[in-house]
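Colleague: A single structure is presented below for examination.
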Amino acid sequence: MEKIEVIQGDITKLKVDAIVNAANSQLMGGGGVDGAIHKAGGIKIAEECAKIREQQNGCLPGNAVLTSGGNLPSPYVIHAVGPIWHGGKRNEAEILANAYLSSLQLAKDKRFSVIAFPNISTGVYGYPKKEASQIAFNTVNKFLTKNEFPKKVIFVCFDEENYLLYKELIQNLAS
Ligand code: AR6
């Protein structure tokens, strides 16, 4: 089994152990992939997010929390908070890598075999796509090499620009 796969499509349609959401610190739902996940997953996800908000005041950028998947085909959602792009001098690269790492660590703890990531921070949060793809890909690749779980990561690219960037990264890995 290849450890990394790249596809173009809608992450809410996937049936894996967990899909990752590009959430905000308040876990309030919003636009983009977050909106799509809450819409398809239903009220249960929002209720669990509210509980986490009460217990630990949300989720800081670079961190991730777990909820069930509600009505989604995947049983769990990992809500990861990426950085808002401010030009690159506010630790954005490290925070983005940490958002991926925190999600991978949660998957490892739960012994999830297959998880799927959207392209965190590259929509509303404005992170340049090429730089973000390199950080995401390298962070995931390194983690999978060193850990037994998760066994596989699927990058789900919504737009063609991201899809082509990730395709190139995966081809470089193979060659
Ligand atoms: N499946 C996969 N990827 C998607 C989907 C989908 N259904 N819909 C959009 N994308 P964004 P961010 C891609 O804006 O930049 C929200 O309001 C999209 O093309 O969803 O991390 C939150 O509540 C882009 O490449 O997340 C936060 O406030 C990627 O998902 C804020 O936006 C991420 O874009 C987070 O911003």
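Nothing in this text is a laboratory measurement; each read-out follows from the coordinates by a stated rule. Just so it is clear, the model here is predicted, and its values are computed rather than measured. Ideal geometry is used to build each Cβ from the backbone, glycine not excepted, and the neighbour counts take in all protein chains shown.
Colleague: Among DSSP beta bridges whose residues both lie in the chain, state the antiparallel percentage, nearest 5.
Modeller: Roughly 25 percent of the beta bridges in the chain run antiparallel, per DSSP.
Colleague: Another question about this same structure. Tell me what the chain gives for mean residue ellipticity at 222 nm when only DSSP H runs of n ≥ 4 count, each as -39,500 (n - 2.57), the sum divided by the residue total, rounded to 500 deg cm²/dmol. Don't skip to the end; give the middle numbers.
Modeller: On the way: 5 runs with 75 residues, N = 175.
For the chain, the value works out to -14000 deg cm²/dmol.
Colleague: Related question: Would you work out the charge dipole size for region 4-174 about its Cα centre, treating the Cβ of every Lys and Arg as +1 and the Cβ of every Asp and Glu as -1, and quote it to the nearest 20 debye? Don't jump to the answer; show the numbers that get you there.
Modeller: Working: 18 positive and 16 negative charges, 67 e Å.
In debye, rounded to 20, region 4-174 gives about 320.
Colleague: Then there is this: Could you compute the net charge surrounding I4? Neighbours are other residues with a C-beta less than 15 Å from the C-beta of I4; K and R count +1, D and E count -1. Kindly include the intermediate steps, with their values, before the conclusion.
Modeller: Details: positive: K3, K142, K146, K151, K152, K167; negative: E2, E5, E168.
So the environment of I4 carries a net charge of +3.
Colleague: Report the one residue of C157, I115, H86 whose Cα lies farthest in the direction of the positive end of the charge dipole of the chain (charges on C-beta: Lys and Arg +1, Asp and Glu -1; origin at the Cα centre).
Modeller: Farthest along the dipole direction, towards plus: I115.
Colleague: With contacts defined as alpha carbon pairs under 8 Å and 6 or more residues apart, what's the relative contact order of region 4-174 in percent?
Modeller: Details: 354 pairs, mean separation 50.5, N = 171.
Computed over region 4-174, the figure is 30 percent.
Colleague: Just rank Y166, Y76, fewest to most, by other beta-carbon atoms within 10 angstrom.
Modeller: Y76, Y166
Colleague: Sort the following peptides by mean Cβ neighbour count (other Cβ atoms within 10 Å, averaged over residues), highest first: 43-50, 149-156.
Modeller: Details: 43-50: 16.2, 149-156: 21.6.
Highest to lowest by the protection proxy: 149-156, 43-50.
Colleague: Then there is this: What are the DSSP H helices in the chain that stretch 15 Å or more along their long axis, judged by alpha-carbon atoms, and whose average Kyte-Doolittle hydropathy comes to at least -1.0?
Modeller: 43-56, 92-109, 129-146, 160-174
Colleague: Determine which lysines satisfy two conditions relative to K151: a Cα distance under 18 Å, and not lying fewer than 8 residues away in the same chain.
Modeller: K3, K15, K108, K110, K142
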